[in-house]
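Below: one structure, written as structure tokens.
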Amino acid sequence: MGLPEPTRPEPTNCECCKRNRNPARSFSLDHDHPTGKFRGWLCYSCNSAIGKLGDNLAGLMRAVEYLRRFECVAKARRPFAFRAQRYAPVGK
Ligand SMILES: [Zn+2]
């Protein structure tokens, strides 16, 4: 089975993290491996991270739960304004 046909053109921002595309690297064509259906366009980091976490919600939720254990510590170290600025989608 080859890569699926994308149902929309490659965007200028990653459909997961919303960051701009690196001009030197095109987005990955993300697809559901069991069905082969196109899901979206992802930057290398998002595509790699999702795959390394098992390419499923269970794996991603384990990572979320892990980070939640430290959320109160992270908030105490970094003021909200700094965090919002760092993680705001490009163009906002
Ligand atoms: Zn991304």
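Odds and ends about this structure:
- If the chain linking Cys72 and Asp32 were pulled fully straight, counting 0.36 nm for each residue of separation and taking away their Cα-Cα distance, it would gain 11.0 nm.
- Label separation (Val64 vs Arg39): 1.4 nm, computed from points 7 Å beyond Cα along the C-beta direction.
- Residue by residue, the range 43-48 carries 3J(HN,Hα) couplings of 6, 4, 5, 5, 4, 5 Hz when phi is fed to the Karplus relation 6.51 cos²θ - 1.76 cosθ + 1.60 (θ = phi - 60°); x denotes Gly or Pro.
- Overall Cα dimensions of the range 1-68 - principal axes, largest extent first, Å: 34, 29, 16
Only the coordinates and a few stated rules stand behind these numbers; no lab work does. Note that the structure is a prediction, hence the values are computed from the model and not measured. Heads up, the Cβs are rebuilt from the backbone with ideal geometry, glycines too, and the neighbour counts pull from every protein chain shown.
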